[in-house]
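Trainee: Starting off with a structure, shown below.
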Amino acid sequence: MSTTFLPCGVYHQTYAQDHAWWQTNLIKSKMITLILLLYIVVPLVADVYWISVFNQIGYTIMGALGVQLLIGFCGQLTLGHAAFIAVGAYTSTLMILEFPWPQFLLDFGLAYPISIFVAAVVAGIWSILFGLPSARVKGFYMILTSMAAQFITVDFVITQYISQIGGRGQAFSLPAGTIKIGPWIIDSDVKVYYMITTFCVLCLAAVANLVRSRVGRAWIAIRDNDISAEVMGINVVKYKLMAFFVAGFIGGIAGACWISNLAAISPEHFPWFWSLWLVGVILIGGLGSIHGTVFGALFMVVVMELLQMAVMPLSDAYPKLLMDFLFIKESAFGLAICVFLIFEPNGIAYRWWQIKNYFNLWPFSY
């Protein structure tokens with residue numbers, strides 16, 4: 001049964017009505033307003049700095065979405081998701097720079113879109129390889145396995161081998177005009193914003209649909225109690241590996257999109273702290289909630305930017321503050337997680353749900 005509050009005397013009569021995206025005119029108007037805000041108002045009002053901040057938010061949402069799927073919906077602990085984002089980024093970059101594309105694909109601007117899809121598939125398959133131990137281990141041992149994925153992928157395979165392709169050393173630089181979709185050349189922050197926003201919306205819609213399907217219900221059953229799920233006839237190993245593939249697939253898209261915002265790509269862009277950061281995003285936003293992924297990314301990115309804006313004026317009087325900002329940022333990250341775990345363990349999404357219910361049910365208290 002839908003949890004949407006309908007006008008008095010209005011009832012759903014079919015399954016399609018009960019599970020429709022926009023069940024009331026109010027919800028439809030809110031979503032249309034949000035789309036107009038994202039695609040028209042923000043690019044017109046925001047300056048270059050805030051456009052780059054929104055790009056960071058979109059990238060964080062896509063990166064954290066895979067972590068949310070694994071931890072929040074399937075119950076598979078992971079601390080190495082940055083590895084799969086790195087696989088997607090490097091796969092897309094190498095395909096653009098090294099693959100012998102037919103000239104007509106280059107002329108039609110299809111090289112980059114194809115590289116995004118291939119990067120997502122490769123990242124998903126790579127994620128499955130490190131998801132195989134989930135058939136035998138869980139909990140603390142699953143965390144160690146995912147950390148091994150981070151160190152093996154980024155610190156060993158990419159740093160020692162992939163980065164040496166073409167004799168470039170460590171960094172791959174994408175020439176101007178290389179990133180394009182059809183005739184649309186992505187050569188500015190605003191164009192990157194439109195692309196990342198579009199992919200972010202598509203990924204959120206895909207995951208939202210997936211978690212309410214038969215596969216999503218199987219993931220939630222495994223999260224709640226994998227033994228009971230297996231007794232009910234769910235192939236636990238199969239669905240766990242499917243979760244790893246989808247999470248890696250989304251991570252590959254995130255990495256392939258992010259290279260359009262970088263002058264050069266190197267292993268330093270995908271440290272282990274980034275994997276930890278993504279886990280913090282879903283903890284603060286709310287586990288098992290699509291809204292939580294968005295709210296957590298907004299909170300973490302905006303708060304860190306505001307913290308930097310607060311530190312900058314003080315750097316003239318205390319120059320060491322600017323030098324130590326990385327440590328201040330990490331301390332603020334740890335403090336934010338502690339505060340939310342103590343005072344709001346269900347995350348921002350739960351508070352958002354309470355606020356919506358208050359307005360929907362007012363003046364009643366329940």
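The values are calculated or read from the model by the stated rules, or taken from the named source; none is laboratory data. Note that this is a predicted model, so its numbers are computed, not measured. Here the Cβ is made from the backbone with ideal geometry for all residues, glycine too, and neighbour counts use every protein chain on show. Remember, those area values only see protein heavy atoms, side chains included, never the ligands or the DNA or RNA. Shrake-Rupley method; radii C 1.70, N 1.55, O 1.52, S 1.80 Å.
Trainee: If you average over every viewing direction, what projected area does the convex hull of the Cα atoms of segment 206-249 give, in nm²?
Mentor: Mean shadow area of the hull around the Cα atoms is 2.8 nm².
Trainee: Using square roots of five times the C-alpha gyration tensor eigenvalues, list the equivalent-ellipsoid semi-axes of segment 174-239 in whole Å, biggest first.
Mentor: 41, 12, 9
Trainee: For the chain, what value does the Rg/Rh ratio take when both radii are computed over Cα atoms and Rh is the Kirkwood radius, given to two decimals?
Mentor: With Rg and the Kirkwood Rh in hand, the quotient comes to 0.98.
Trainee: Given a Förster distance of 25 angstrom, what is the FRET efficiency for Val311 paired with Val339, based on the Cβ-Cβ distance and rounded to 0.05?
Mentor: 0.80
Trainee: Using a 10 Å cut-off on Cβ atoms, rank the peptides 83-90, 262-269, 22-29, 273-280 from the highest mean neighbour count down.
Mentor: By packing density, highest mean first, the sequence is 83-90, 273-280, 262-269, 22-29.
Trainee: Please compute P(r) over all alpha-carbon pairs of segment 215-366, binned at 5 Å starting from zero, and give each bin as a whole-number percent.
Mentor: Computed distribution, short to long bins: 2, 7, 11, 14, 15, 16, 13, 9, 6, 3, 2, 1, 0, 0.
Trainee: Still on this structure, please answer the following. So what's the Cα pair-distance distribution over segment 281-366, bin width 5 Å, in %?
Mentor: Using 5 Å bins, I get a P(r) of 3, 14, 18, 17, 14, 12, 9, 6, 3, 2, 1 for segment 281-366.
Trainee: Could you list, bin by bin from short to long, the percent of Cα-Cα pairs of segment 69-134 in 10 Å steps?
Mentor: Bins of 10 Å from zero give 20, 41, 23, 13, 3 percent of pairs.
Trainee: On full extension of the chain, what length is gained from Asn235 through Asp155, given 0.36 nm per residue of separation minus the C-alpha to C-alpha distance?
Mentor: Answer, rounded to one decimal: 25.4 nm.
Trainee: Additional query: Along the principal axes of its C-alpha atoms, what lengths does segment 36-145 span, in descending order and rounded to whole Å?
Mentor: 48, 40, 21 Å, listed from the longest principal axis down.
Trainee: Over the chain, give the accessible area per residue in Å² for a 1.4 Å probe, as an integer.
Mentor: Accessible area per residue: 52 Å².
Trainee: With N residues in segment 1-70, what two-decimal value do you get for its Cα radius of gyration over 2.2 N^0.38 Å?
Mentor: Segment 1-70 yields a ratio of 1.55.
Trainee: Here is a follow-up. Return the whole-Å distance between the Cα centroid of segment 274-311 and the Cα centroid of segment 18-92.
Mentor: What the calculation gives is 12 Å, centre to centre.
Trainee: Here is a further query. Just round it to a whole percent: the fraction of Cα-Cα distances in segment 110-268 exceeding 24 Å.
Mentor: 46 percent
Trainee: Can you compute 3J(HN,Hα) from phi for each residue in segment 73-78, using the Karplus curve 6.51 cos²θ - 1.76 cosθ + 1.60 with θ = phi - 60°, rounded to whole Hz and x for Gly and Pro?
Mentor: Each residue of segment 73-78 in turn: 10, 10, x, 9, 5, 9 Hz.
Trainee: Using only alpha-carbon positions, what ratio does the radius of gyration of segment 321-366 give when scaled by 2.2 N^0.38 Å?
Mentor: For segment 321-366, the normalised Cα radius of gyration comes out at 1.79.
Trainee: Go through 227-237, 184-194 and give me the packing order, highest mean Cβ count within 10 Å leading.
Mentor: Sorting 227-237, 184-194 by mean packing, highest first, produces 184-194, 227-237.
Trainee: Pairs of Cα atoms under 8 Å, at least six residues apart: use those to get the relative contact order of the chain, whole percent.
Mentor: For the chain, the relative contact order is 28 percent.
Trainee: A further question follows. Once phi is turned into ³J(HN,Hα) by the Karplus curve 6.51 cos²θ - 1.76 cosθ + 1.60 with θ = phi - 60°, what whole-Hz value does each residue of segment 10-27 show in order, with x for glycine and proline?
Mentor: Karplus-based 3J(HN,Hα) across segment 10-27 equals 9, 9, 7, 10, 10, 5, 4, 5, 5, 10, 5, 5, 10, 8, 10, 5, 5, 5 Hz.
Trainee: Before anything else, pin down the relative contact order of segment 278-336: Cα pairs under 8 Å, at least 6 apart, normalised by residue count, whole percent.
Mentor: Answer for segment 278-336 is 25 percent.
Trainee: Another question, if that's okay. Suppose each label sits 7 Å from its Cα in the direction of the beta carbon; what would the Ser29-Leu202 distance come out to in nanometres?
Mentor: Distance between label points: 3.2 nm.
Trainee: In segment 27-148, what percent of the accessible surface is made up of carbon and sulfur (1.4 Å probe, ligands and nucleic acids excluded)?
Mentor: 78 percent
Trainee: Quick one: Karplus J couplings for segment 214-226, per residue in order, coefficients 6.51, -1.76, 1.60, θ = phi - 60°, nearest Hz, x for Gly and Pro?
Mentor: 4, 5, x, 5, 5, 4, 5, 5, 5, 4, 6, 6, 5
Trainee: So if we plug the beta-carbon distance of Asn357 and Trp21 into 1/(1 + (r/R0)^6) with R0 = 22 Å, what FRET efficiency do we get, rounded to 0.05?
Mentor: That gives a FRET efficiency of 0.65.
Trainee: Here is a follow-up. Set the Förster distance to 25 Å, then compute FRET efficiency between Val137 and Asn209 from the Cβ-Cβ distance, nearest 0.05.
Mentor: Efficiency for this residue pair is about 0.25.
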